[in-house]
1. Can you compute the modelled spin-label distance between Ser89 and Ala312, with each label point 7 Å from Cα toward Cβ, in nm?
2. Let's test the formula: R0 of 30 Å, r as the Cβ-Cβ distance of Ser223 and Gln120. What FRET efficiency results, to the nearest 0.05?
3. With every protein chain present, what accessible area does His135 have (1.4 Å probe, heavy atoms only), rounded to the nearest 10 Å²?
4. Tell me, what ³J(HN,Hα) does each residue in the stretch 316-329 have, in order and in whole Hz, if you take phi through Karplus 6.51 cos²θ - 1.76 cosθ + 1.60 with θ = phi - 60° and put x for Gly and Pro?
5. Between Val129 and Ala335, what FRET efficiency comes out of the Förster formula 1/(1 + (r/R0)^6) with R0 = 30 Å and r the beta carbon distance, rounded to 0.05?
6. Give the accessible surface of the stretch 337-389 per residue, rounded to a whole number of Å², with probe radius 1.4 Å and ligands, DNA and RNA excluded.
7. What FRET efficiency comes out for the pair Ala52/Asp104, r = Cβ-Cβ distance, R0 = 30 Å, nearest 0.05?
8. Expected output is a single nm value to one decimal: the length gained when fully extending between Gln74 and Ala25, i.e. 0.36 nm times separation in residues minus the C-alpha distance. What is it?
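The values are calculated or read from the model by the stated rules, or taken from the named source; none is laboratory data. Keep in mind that what you see is a predicted model, and the values were worked out from it rather than measured. Note that we place each Cβ from the backbone using ideal geometry, even for glycine, and neighbour counts take in every protein chain shown. Accessible surface areas use protein heavy atoms only, side chains included; no ligands, DNA or RNA. Shrake-Rupley method; radii C 1.70, N 1.55, O 1.52, S 1.80 Å.
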Amino acid sequence: MSTSAEAVFAPQSPSERVDLDSLSAYSERIFGMLPRRDQRRWATVYLRCLLATPGHKSRRRMAGRLALPSSASQSLQQFITSSPWDWRSPRRQIAHLAAGLMPDAVWTTGVVLLPRGGTQSVGLQQHLVPESGRHINCQVGIALFLTDSRRSIPVDWKLMLNDSWCGDPERRSRAKIPREVTPRPAWALTLEMMAESARGQGAGSAPLLHGLGPSRHPDQLASQLSRAGRDFVIGVAPHQPFDVTREGSHDSARTTLRTSTAAGILQDRFREEPAAHGGGRRLRSALVRFPSPGTGRAAARPVHRLVAEIPAVRQRPCRFWVTSLRDAPPPAIHALAQRSALTDATVQCLRDNLGFLDFEGRSFPGWHHHMTLASAAYLYRCLGQAPQP
């Protein structure tokens, strides 16, 4: 081990040694497949820095927090941005550990907006923030989480890239964007992560809660998930069109009654019942199909359930979901959809406490390396082995 890496493992007390031994064992489990010994050691050092440094997490500040030699800052930078290690295997280990920690977890999705200055951060683009109506210059990360009723743990990441990055050979080369990476919408990136999770050891066939706000292409996402045999709960916009179908028998020839928007359907034709967690909220639901883009038979299109939440203070629905779990009670679907709030809270924690806003991320591999290590640090805290700095 180099002098810089050794310095982080110079505990000041017996209790400190217990913490470092635990962290070393954890890091070996996640990053033990990295090919070089120095890579595995610097992974442990970087985890320690993320977990022990409060506030701003620049490389210099993290090295100073642990009293590392002056050269450590540059070594940390090189490990993240230049060292050639594959982030996919560590992420599979994170998913495996998270699934064991949360046996009843479902898959959820989240988006993290990372505002950046300058022009060099990979994937930098103008993005509309719906809450404020403003466009900001940022990186856009799409994440896959495992989420139970108490916590949400990130296990995979995709970086949204547009033609200004993928179509510019000089920019692409400078950011080290792999040849096979192309511009993809958020729903397609989600499908890629789900396909990769199916090959790993995550939560297997657990349903997907697509929590990126109302999806722009819910029909395409739902169609691909149905083909893969994956159940889902997808947020949809009030103006999303659906074909209303008749409640009753579950045969594929159920009659289409009419076509309307999600809001229109649940204004005048619905089942209504109280939400599981009360508070005066009510739920409305109806059986629907996505409209066919061509002349396909209605019977060939799957029947889903549309569920909407009506707050106690208003009469009209304000949040809508479509789900393949058409026979599940709407309160159960609603409870499942609420897990997206846990994912949002985790995204905020990652932004505020694990260096997401402090990492410039100029290269594609560097961005993925940092996201992987921050996810590993977050899981370590969820395992109860690290206090907040």
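1. Between Ser89 and Ala312, the label points sit 5.4 nm apart.
2. Computed FRET efficiency for Ser223 and Gln120 comes out at 0.20.
3. Spelled out: His135, probe radius 1.4 Å, area about 120 Å².
4. 9, x, 10, 9, 10, 9, 10, 9, 7, 7, 5, 8, 6, x
5. Step by step, r from the Cβ atoms, then E = 0.60.
6. Heavy-atom accessible area per residue stands at 32 Å².
7. 0.40
8. 15.1 nm
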